[in-house]
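Student: Handing you this structure, nothing more for now.
The values are calculated or read from the model by the stated rules, or taken from the named source; none is laboratory data. Just so it is clear, the model here is predicted, and its values are computed rather than measured. We place every Cβ from the backbone using ideal geometry, glycine too, and count neighbours over all the protein chains shown. What goes into the accessible areas is simple: the full protein's heavy atoms, side chains included, and nothing from ligands, DNA or RNA. Shrake-Rupley method; radii C 1.70, N 1.55, O 1.52, S 1.80 Å.
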Amino acid sequence: MQTQIAVIDYGSQYSQLIVRRIRELGYFSRLYRPDELTTIGSPTGVILSGGPRSVTDTDAPDVDFDFLVGLKVPVLGICYGMQLLNRKLGGVVSKSTTSEYGPAEMVVENRNTLLENVRSPSRIWMSHSDTCTQWPEGTEILAHNKEGQPVALQFNDLMYGIQFHPEVTHTEEGTGVLRNYLSMVEEDGLFSMDQFKQALIDSIHKQVAGKKVVCGVSGGVDSSVLAVLLHQAGVDVHCISVDHGLLRKGEADEVKAQFEELGIQIDLVDASERFLNALAGVDQPEEKRKIIGRLFIDVFWDHAGEVEMFAQGTLYPDVIESATSGSDASTIKTHHNRVEKVLELQAEGKVIEPLAELFKDEVRALGKSLGMPPHILWRHPFPGPGLAVRVPGEITPEKLDILREADAIYIQELRDSGWYDRIWQACTSLLPCKTVGVKGDVRAYEYPIVLRAVISEDAMTADWVEIEHAVMRTISNRILNEVKHVNRVLYDISTKPPASIEWE
Ligand code: XMP
């Protein structure tokens with residue numbers, strides 16, 4: 001699909017978020033490296049993101065300014081992007097000795113199009129150290145902060161700069177500012193998921209060209225949407241689901257039933273014994289992950305046999321994280337998605353990644369457009385290594401059974417009380433220690449169970465959920481009464497960061 005709004009990434013931690021917000025406002029947006037500007041085609045708007053560097057550095061990331069001007073489209077520079085525009089147009093950017101991070105106040109001076117209907121004063125979110133100290137002739141100051149420094153400038157008819165981040169929710173009028181910017185952009189039809197779905201189906205037809213496609217499914221949202229998309233595109237798809245023995249209670253059967261409901265035949269490969277044997281005696285988290293990862297690949301590809309085409313559920317954040325910032329998060333996901341066999345197939349042009357343009361919430365919207373039921377689309381995420389990341393220390397069949405029972409009660413109670421849909425992910429872990437308790441007048445040493453429930457946007461950060469106490473009490477009572485070998489139930493009240501969502 002043609003990019004409407006191109007976001008040029010200067011390395012800000014919020015660059016992805018700009019793309020998301022623009023798409024939420026109905027325009028199809030993608031993230032590009034600065035050197036890709038000339039390859040985009042004809043975007044109807046360009047946003048230059050913020051970034052950690054100083055435009056005054058000799059090797060600072062640049063922009064092909066003549067090309068940008070030649071596009072004759074509205075340009076919005078955010079922080080670094082604003083300073084870059086200012087400098088290119090003949091203004092001065094000075095290094096500050098102090099930095100400004102966090103909340104500030106914006107006072108609007110000139111309600112031209114960019115700040116139309118924006119409340120004043122309003123809270124904005126800053127993250128910069130350099131400042132524009134002189135600006136090109138003809139520049140209009142649209143807003144300033146409490147100290148009187150400009151935070152929004154109009155350089156000319158098409159170029160605007162803002163010193164704050166409109167994409168973060170802490171900027172009260174951020175969406176309004178972005179909406180105003182988009183109102184200046186020539187609209188060639190708003191981005192709709194139905195239209196996008198059709199474009200995807202057309203491109204799948206071209207790529208697949210009648211070949212048989214192998215697809216791994218886990219029952220999670222991404223792989224389910226992928227399988228349904230391929231199925232509805234009329235592709236001959238061979239879905240394989242590997243049961244590594246680390247699934248939740250009844251999950252293997254549920255996955256099978258779920259795909260039956262969707263009209264798709266799957267091969268369920270029960271390899272649980274192989275996995276549990278390989279994990280016996282292993283207590284180091286990374287070692288466990290490696291064993292599971294390697295064995296999963298062996299089992300999956302042995303079963304798949306000769307592959308004509310392979311479909312993979314890579315999402316847009318994975319693609320742009322590995323293409324741009326190279327953050328830790330991307331290393332984790334890259335490790336999961338780009339295994340050797342897949343790289344081999346990729347080199348032969350046999351891999352398709354139809355969801356690679358989409359954010360998680362857009363995958364759900366695509367699923368909805370494909371007619372998939374909400375209970376599949378709104379399932380909580382579940383990690384590839386399954387319950388292994390929820391049993392710190394050695395994994396044994398006994399511990400897995402205990403955890404499965406406790407988890408089933410937790411999830412069922414969350415569903416029954418209506419909390420499940422208000423939570424982004426709920427998980428249950430079993431701690432590798434036994435604590436003292438009293439059962440039937442005797443002291444008993446048994447396992448503690450930890451419950452966790454978080455809200456999050458794509459797992460980058462997370463906050464714990466304040467579940468109603470009466471519901472917590474029911475869950476705790478049921479686990480303590482119904483699950484053998486458990487005498488303590490804890491609730492994890494840690495944010496991410498510093499804690500992660502999973503315990504291992
Ligand atoms: P953390 O624990 O890193 O989790 O805050 C963030 C999200 O990723 C999931 N997760 C994994 N998914 N393989 C996966 O496929 C893994 O090794 C893995 N570890 C964590 C986790 O469930 C959460 O949704």
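Student: Magnitude of the Cβ-charge dipole of the stretch 194-287, K/R +1 and D/E -1, about the Cα centre, nearest 20 debye?
Tutor: Using only the charged Cβ atoms, the result is roughly 440 debye.
Student: Using the Kirkwood formula over every pair of different C-alpha atoms, what hydrodynamic radius in Å results for the stretch 226-297?
Tutor: Hydrodynamic radius (Kirkwood, Cα pairs) of the stretch 226-297 is 13.8 Å.
Student: Can you give the % of DSSP beta bridges in the chain that are antiparallel, to the nearest 5?
Tutor: Given both bridge residues lie in the chain, the antiparallel proportion sits at roughly 50 percent.
Student: Same structure, new question: Counting other Cβ atoms within 10 Å, which trypsin sites (Lys or Arg not before Pro) in the stretch 141-226 have at most 15 and lie in a DSSP loop?
Tutor: Answer in residue order: Lys146, Lys211.
Student: Below 8 Å, C-alpha to C-alpha, sequence gap of six or more: please give me the relative contact order for the stretch 5-189 in percent.
Tutor: Value for the stretch 5-189: 21 percent.
Student: Now, a different point. Let me spell out the model: positive unit charges on the Cβ of Lys and Arg, negative unit charges on the Cβ of Asp and Glu, origin at the Cα centre of the stretch 396-491. What dipole size does that give, in debye rounded to 20?
Tutor: The calculation lands at about 480 debye.
Student: Follow-up question, since we're still on this one. log10 I(q)/I(0), Debye, Cα-only the stretch 102-229, no solvent, q = 0.13, 0.16, 0.21 Å⁻¹?
Tutor: -0.68, -0.80, -1.19
Student: A follow-up question, please. Can you give me the Cα centroid spacing of the stretch 224-288 and the stretch 379-447 in angstrom?
Tutor: 21
Student: Taking loop as defined by DSSP and a crowding limit of 13 other beta carbons within 10 Å, which GluC sites (Glu not before Pro) in the stretch 143-210 fit?
Tutor: Here the GluC sites (Glu not before Pro) that fit, given the DSSP loop and packing criteria, are Glu147, Glu186, Glu187.
Student: Determine by what factor the alpha-carbon radius of gyration of the stretch 211-261 differs from 2.2 N^0.38 Å, reporting the quotient.
Tutor: Ratio of Cα Rg to 2.2 N^0.38 Å: 1.15.
Student: I've got another one for you. For Ile352, enumerate residues with amide H under 5 Å from its amide H, sequence gap 5+ or separate chain, H modeled in the peptide plane.
Tutor: Phe310, Ala311, Gln312
Student: With charges only on Cβ, +1 for K and R and -1 for D and E, what is the dipole size of the chain about its Cα centre, in debye, rounded to 20?
Tutor: 780
Student: Given the alpha-carbon gyration tensor of the stretch 5-189, what are the semi-axes of its equivalent ellipsoid in whole angstrom, ordered largest first, with each equal to the square root of 5 times an eigenvalue?
Tutor: 22, 19, 16
Student: Counting only the heavy atoms of the protein chains, how much of Thr495 is accessible to a 1.4 Å probe, in Å² to the nearest 10?
Tutor: It works out to around 60 Å².
Student: Hey, if you drop one equal point scatterer on each alpha-carbon of the stretch 1-109 and run the Debye formula without solvent, what base-10 log of I(q)/I(0) do you get at q = 0.23 Å⁻¹?
Tutor: -1.37
Student: Once you've got the Cα coordinates, tell me which of Lys249/Lys341; Lys249/Lys288; Lys206/Lys350; Lys399/Lys439; Lys197/Lys290 are over 24 Å apart.
Tutor: Exceeds cut-off: Lys249/Lys341; Lys197/Lys290.
Student: When you take every Cα atom in the chain, what is the radius of gyration, and what is Dmax, the widest Cα pair distance, in Å?
Tutor: Taking only Cα atoms of the chain, I get Rg and Dmax of 25.9, 85 Å.
Student: Where does the charge balance sit around Tyr420 when Lys and Arg score +1, Asp and Glu -1, over other residues with C-beta under 10 Å from its C-beta?
Tutor: 0
Student: As a test question: what accessible area, to the nearest 10 Å², does Leu25 have when a 1.4 Å probe is rolled over all protein chains in place?
Tutor: It works out to around 40 Å².
Student: How much accessible surface area, in Å² rounded to 10, belongs to the heavy atoms of Ile455 with a 1.4 Å probe?
Tutor: 80
Student: May I ask you to derive the relative contact order of the stretch 427-504, considering only C-alpha pairs under 8 Å and at least 6 residues apart, and to give it as an integer percent?
Tutor: With pairs under 8 Å counted, the relative contact order is 34 percent.
Student: Taking the Cβ of Thr44 as the center, what net charge do the other residues with Cβ under 9 Å away carry, scoring Lys and Arg +1 and Asp and Glu -1?
Tutor: Every neighbour counted, the sum reads -3.
Student: Between the stretch 345-361 and the stretch 158-186, what's the alpha-carbon centroid distance in Å?
Tutor: Cα centres, the stretch 345-361 to the stretch 158-186: 31 Å.
Student: Mean separation of Cα pairs under 8 Å and 6+ residues apart, divided by the residue count of the chain: what relative contact order is that in percent?
Tutor: Contact order relative to length: 10 percent.
Student: Also, quick follow-up: Any idea what log10 I(q)/I(0) is at q = 0.12, 0.17, 0.24 Å⁻¹ for the stretch 396-491, Debye with uniform C-alpha scatterers and no solvent?
Tutor: -0.39, -0.75, -1.24
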